[in-house]
Amino acid sequence: MRKTFRRFNNLPEDRRQPVRQELRQLRGMSEADRNARMNSEEFRSKYSAGERQILENLTVLVPQE
């Protein structure tokens, strides 16, 4: 978990906000909707492989609101 938060905090400033917003959206979705979103072409083109990994890890590690 610490490693994932460290990776998030090491993102460039201009990428942290979009990743944070996406995380909020993903956490509010059902598992099926979240998986569909994370497998979409839009999601894959919007976020780097590292950002996608951070988002995937955080949706599992951090409980839903």
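The values are calculated or read from the model by the stated rules, or taken from the named source; none is laboratory data. Note that the structure is a prediction, hence the values are computed from the model and not measured. Neighbour counts run over all protein chains shown; Cβ positions are idealised from the backbone, glycine included. Please note that ligands, DNA and RNA were not included when accessible areas were found on the heavy atoms of the full protein model with its side chains. Shrake-Rupley method; radii C 1.70, N 1.55, O 1.52, S 1.80 Å.
One residue stands out in region 30-47 among those that are hydroxyl-bearing (Ser, Thr, Tyr) and free of Cβ contacts under 8 Å to residues at least 24 places away in the same chain: the one that is nearest to residue 1 (Cα to Cα), namely 30.
With respect to residue 45, determine if the residue is modelled with pLDDT under 95 and loosely packed, with under 10 Cβ neighbours inside 10 Å.
no
For a quick check of your reading of the model, give me the residue pairs whose first member lies in region 1-19 and is among the β-branched types (Val, Ile, Thr), whose second is open to solvent by less than 90 Å² (accessible area, probe 1.4 Å) and in a loop (DSSP other than H, G, I, E, B), with beta-carbon atoms closer than 8 Å and at least 6 apart or on different chains. Close Cβ pairs satisfying both conditions: 19/11; 19/47. If only residues of region 48-65 that are modelled with pLDDT under 95 and over 16 Å from residue 5 (Cα atoms) are counted, the one that is surrounded by the fewest Cβ atoms within 10 Å (Cβ to Cβ) is 65. For region 17-42, the set of residues classified as more than 15 Å from residue 57 (Cβ to Cβ), open to solvent by less than 80 Å² (accessible area, probe 1.4 Å) and either in contact with a helix residue (DSSP H, G or I) (Cβ under 8 Å, 6 or more places away or on another chain) or not in a helix (DSSP H, G or I) (or both) consists of 18, 28, 29, 30, 37, 40, listed by residue number.
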